[in-house]
Amino acid sequence: MDNGQLIEWDDRYSVGIELIDEQHRELASQMNNLWLGCQKGGQEEKFFFDVNIQPLLRYMSYHFSSEERMLERIKYPDLAAHVQQHSDMMRIIAEGVGHIQQEEPSALLSGNRLSDFAAHLRDTLISHIIVMDKKYVSYIHFVNRKLGTYVMETTLPTELFIG
Ligand SMILES: [Fe+2]
Ligand SMILES: [Fe+2]
């Protein structure tokens, strides 16, 4: 991925579960928005970052919880590792935001600190989707084959059906 580009949503990022794909698309769109706003320069850029970063982190946390609830429900064997990666990401990002908010605005705005941070946030999320989220998709396919459609329909939430 290139810091100088927006995320173009791509089928490669799709996990094939509508609910999750929708949340991933929404996250990508908020991250594009943050990255674009961080090109404004000067105080305006800092203001934009401050206003938008917390809602984005809240949405990220909401998405991680929905995904974890879904994985619990299907008894995903790698749930603990997945939850750990979500929580590591949230902690590292929150620390990064904390550092940014303590910096002198003049130091912050002299480089590309905010847009670099936004690009890093976006790349972290996309890598997680491509590697970790794709792993549970393989497991869902496996469960589908093993249990058959009838059992799936009566035991699993409808959002898990892969077309
Ligand atoms: Fe995800
Ligand atoms: Fe995830």
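All of the numbers you see were taken from the coordinates with simple rules; none came from a lab. Everything numeric in this text was worked out from a predicted model, so none of it was measured. A quick note on method: Cβ atoms are made from the backbone with ideal geometry, for glycine too, and the neighbour counts reach across all protein chains shown.
Points worth noting:
- Estimated vicinal HN-Hα couplings, Hz - the range 86-92 in sequence order (Karplus 6.51, -1.76, 1.60; Gly, Pro = x): 4, 6, 4, 4, 4, 5, 5
- GNM result for the chain, Cα springs below 10 Å: residue of Phe64, Phe47, Phe117 fluctuating most strongly: Phe47
- Residue exposure proxy: Trp9, Trp35, ordered by other Cβ atoms within 10 angstrom of their Cβ from fewest to most, comes out as Trp9, Trp35.
- Debye intensity ratio I(q)/I(0), log10, the range 1-76, q values 0.16, 0.18, 0.26 Å⁻¹ (C-alpha model): -0.69, -0.82, -1.21
- Partners for Lys75 among aspartates and glutamates (Cα-Cα distance below 19 Å; same-chain residues under 8 apart left out): Glu67, Asp133, Glu153, Glu159
- Candidates Ala119, Ala81, Ala28, ranked by Gaussian network fluctuation over the chain, Cα under 10 Å, top entry: Ala81
- Positive-end residue of His99, Ile74, Gly42, charge dipole of the chain with Cβ unit charges: Ile74
- Within the listed set Gly41, Gly111, Gly16, the residue fluctuating most in the Gaussian network model of the chain (springs between alpha-carbon atoms under 10 angstrom) is Gly111.
- Projecting the Cα atoms of Ile126, Ser29, Ser87 onto the dipole axis of the chain, where Lys and Arg carry +1 and Asp and Glu carry -1 at the beta carbon, places Ser87 farthest toward the positive end.
- Only Lys, Arg, Asp and Glu carry charge here, each on its Cβ (+1 for the first two, -1 for the last two); on that basis the range 16-153 has a dipole of about 420 debye about its Cα centre.
- Ranked packing of 123-131, 138-146, most packed first, by mean Cβ within 10 Å: 123-131, 138-146
- Overall Cα dimensions of the chain - principal axes, largest extent first, Å: 61, 27, 22
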